Amino acid sequence: MNSYSVNNEERSILRQIINLLILAAIAVGVSSAAWFIWGLRAGWSMYAFIGLLMPFVLAIVPDFRRFVMWWMLFLIPLGLDYKFFYQRSISGHSGIAIGTTEILLFILLVQWLVTAVHERNRERIQWFPAITLPTLALIIMSSFSILAARNITLSLFDIAMYGKMLIFFLYLANNIRDNRDVGLVVTALLFGLVMESGVMVAQYYSGSALGLVGTEELSNFVAYKREARMVLRPGGTVGNVNGFARYLGFILPIASILMLTTRERKMFLLSLLAAMGGLVALILTQSRSVWGAFLVAMMAGMVFILMRNLVTLRTLKRIGMALLLVAGLAFFYGETVYNRLTGDDHGSAKSRLTTARVALEIINDHPVLGVGVNNYDSYIREYWRIEDPFTKVAVVHNNYLLILAEIGLIGFAAFLWLLAALLVRTMTAMKCRVKFFREIAVGLFVSVVCFLLASLADGYKSSLTLMYLFWTIAAITEALIHLDRSWRDQAVELAGKKS
């Protein structure tokens, strides 16, 4: 008996010693890693620090998949990435970007595969052909356009981006599995909008960058003089002020529609905060193209709110509240809007026409394959025969003309196929039986309309943030349709068994 007690005590002491050694090893490892991180460049040190914390955080979260997916979407506008094989491009991507979004996506893909194998998950992977097929067509035609490219490396950057977007789309659309997941992705986007709006407003009123580590914040300020007064147009962390305005054009419609229609209190408060901050930030960007696109798209959205039976007494009250909010913004920022619309724009509007004329000449000479995806920069100087004191050899400020010039008529047809498919699918999603899904679908529809209109005056392809958001909207749309169809099938099957 005594021998047994002694053995137990010895084992207990030995176990405690082993635990202490493990803790000591972890402490030494963390300390060494922290010392190493301290000596890295600012951007790399932050990535390394996040990577160091990730295993500890993931060990305590109750739902690994949902936690990582939320952060992956939330971090999209920050653009925390590093470009490998960097080569400057004015029309597309300048390297292979690897950052927080890509790392978290890779972790989620591995977890998805491991879970499927471990649990012998027999649920089929959905391929969502309405979006997948035109995306594949766009990738294929972009690959063919390499035959005309002068810089194949730049073309490969954009093709790799499209491939990455397809993988991202398929993962996200397959892993929005229920109402909770739908709410999760929407809240991630809205919290991102709140964060970015706060950063942008703080930049504007402080008159300088905030010094956010690892982002492109320090290189995206636009400033010019107007009537002996310096006008500042900061761009958050998205990349530049026009890119930031286009980011707002993707997310602000969703926040605005939910603010008017949702009956969930927490979602209403979050969407109200996001809509207020987003509207202020949109005004301060002074982007006239997104102003107009957002206004027209919201008017179209109001029509569908009526058509999809989303109008209640609560909605009417919130519309009145929104009008008061707009009146307050007009009081504080009316002069800013008036000056931007009527004042000297230093040739900004004229530059759209100048760059469009150059693009049309390129399209006329290269109608079939274009000049090669992401190769606009390789040809533009040959066609820049127009005197314009404001614009100095710039990419065309029109997303459609840029795509047409780079990948030709057939590739452009694939691009239009993708846009038409997404617009039609958002309209299909507005027929969902669940009211919350219909509300989100109307917001997605308004986002797509805003994108289509704003594309007439700006490009989108060069921003990884904007590309992720485009395919995020596509993934949410397809997930809503799939969930609604699954529930309909289950209801029909249940009714058949009862009969």
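The values are calculated or read from the model by the stated rules, or taken from the named source; none is laboratory data. On a predicted model such as this, the values are computed, not experimentally measured, just so you know. Note: ideal-geometry Cβ built from the backbone for every residue, glycine included; neighbour counts use all protein chains shown.
Sort through A414, A457, A394 and tell me the only one that's part of a helix (DSSP H, G or I) and either assigned by TED's automatic domain parsing to the domain that holds M69 or of a type outside the set (F, W, Y) (or both).
From the options A414, A457, A394, the qualifying one is A414.
What number of residues in the stretch 109-164 are among the aromatic types (F, W, Y) and at pLDDT below 90? Steps first, please.
Step one: filter the stretch 109-164 for residues among the aromatic types (F, W, Y), giving 112, 127-128, 144, 157, 162.
This time we only want the ones that are at pLDDT below 90, so: 112.
Residues flagged as among the aromatic types (F, W, Y) and at pLDDT below 90 within the stretch 109-164 amount to 1.
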Out of all the residues in the stretch 423-431, is one or more modelled with pLDDT under 90 and either surrounded by fewer than 24 Cβ atoms within 10 Å (Cβ to Cβ) or assigned to a helix (DSSP H, G or I) (or both)? no
From L409, L404, which residue is farther than 20 Å from A300 by Cβ, in the same structural domain as I96 (by TED's automatic domain parsing), without any contact (Cβ under 8 Å) to a residue 60 or more places away in the chain and surrounded by 23 or more Cβ atoms within 10 Å (Cβ to Cβ)? L404
When the residues of the stretch 221-257 are narrowed to those that are of a type in the set (A, V, I, L, M, F, W, C) and modelled with pLDDT under 75, which ends up surrounded by the fewest Cβ atoms within 10 Å (Cβ to Cβ)? A228
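Restricting attention to the stretch 367-397, and to residues there that are surrounded by fewer than 20 Cβ atoms within 10 Å (Cβ to Cβ) and either at pLDDT 85 or above or of a type in the set (D, E) (or both), which single residue is farthest from A293 (Cα to Cα)?
So in the stretch 367-397, the residues surrounded by fewer than 20 Cβ atoms within 10 Å (Cβ to Cβ) come out as 367-368, 377-378, 381-394.
Those left that are additionally either at pLDDT 85 or above or of a type in the set (D, E) (or both): 367-368, 377-378, 382, 387-388.
On the way: P367: 29, V368: 30, D377: 28, S378: 31, E382: 33, E387: 30, D388: 27 Å.
Looking at the filtered set, the residue picked out is E382.
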I'd like to know if the stretch 138-159 contains one or more residues that are in contact with an Asp or Glu (Cβ under 6 Å, 6 or more places away or on another chain) and not in a helix (DSSP H, G or I). no
How many of the residues making up the stretch 271-303 are outside any helix (DSSP H, G or I) and out of contact with any strand residue (DSSP E or B) (no Cβ under 7 Å at 6 or more places or on another chain)? 1
Across the stretch 76-102, which residue is farthest from S155 (Cα to Cα) among those that are in contact with a helix residue (DSSP H, G or I) (Cβ under 8 Å, 6 or more places away or on another chain) and among the hydrophobic types (A, V, I, L, M, F, W, C)? L78
